[in-house]
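Written below as structure tokens is the structure these notes are about.
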Amino acid sequence: MTAFRDFTLPLWQIFGGNLLMLATLGFYIAWWTVSFRPNQAVRTDSAIFFITAAVVAGLAAVILLSAGISSLPQTGSGIPVTAILAGAAISYAVLLALTLIFFKRVVTSELILIIVWAALESAALAVLYGSGRFSLAQAAPLVIMLTLATLTGLVCYVIHYRLDEIPRFWNGLIPLAADAGVVAVFLTLLALS
């Protein structure tokens, strides 16, 4: 099995976008660690660097992934990208209402980040499967992992402010580590596809 076999520009864009997504998650984990570590007397200046790097890498990841996704055929055996994006928009609205009304959760940017990440990865997966680049055997585990990581992120989001300082710190890292694991597997499967 040869890595990066027959890679086209859209495949490189999806690969590069996911590589940037992995970097984004790494910077976000570093920011979270230096900003919210329990019993830390002083917040470090490195927090500004890490969150800025996460935002820049994240925006670049979204742009590159979107370019790759839109360059591949939108029809085929995969779920249409428009359906994924519509589902993401509806999911965000519903989850925003649920977390506000039923769980009394303060709204933070993490909810939109969870939904945007899941939608981008789902769209990339859909076009790779629809174009035949991913087989069912490659796509199915990624769908399961992506679903579990998204649900984990949502649960952690809902319970976050109900936790004490130390569990809250770890609760913030769990979804980031889960997402990074999904992206790492995605990158490996795409490189070897």
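The values are calculated or read from the model by the stated rules, or taken from the named source; none is laboratory data. Bear in mind the structure is a predicted one, so any value in this text is a computation, not a measurement. So basically every Cβ, Gly included, is an ideal-geometry build from the backbone, and we count neighbours across all protein chains shown.
Summary of values
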quantity: Selection status of residue 4, in contact with a helix residue (DSSP H, G or I) (Cβ under 9 Å, 6 or more places away or on another chain), of a type in the set (Phe, Trp, Tyr), farther than 21 Å from residue 171 by Cβ and outside any helix (DSSP H, G or I); calculated: yes
quantity: Residue in segment 51-73 that is loosely packed, with under 14 Cβ neighbours inside 10 Å, touching a helix residue (DSSP H, G or I) at 6+ places or on another chain (Cβ under 6 Å) and modelled with pLDDT under 95 present; calculated: no
quantity: Residue 162 closer than 24 Å to residue 37 by Cα, in contact with a helix residue (DSSP H, G or I) (Cβ under 6 Å, 6 or more places away or on another chain) and without any contact (Cβ under 8 Å) to a residue 60 or more places away in the chain; calculated: no
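Table: residues versus (1) among the aliphatic types (A, V, I, L, M); (2) touching a residue at least 24 places away in the same chain (Cβ under 8 Å); (3) touching a Lys or Arg at 6+ places or on another chain (Cβ under 7 Å).
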| residue | (1), (2), (3) |
| --- | --- |
| 26 | no, yes, no |
| 36 | no, yes, no |
| 61 | yes, yes, no |
| 64 | yes, yes, no |
| 73 | no, yes, no |
| 81 | yes, yes, no |
| 97 | yes, no, no |
| 109 | no, no, no |
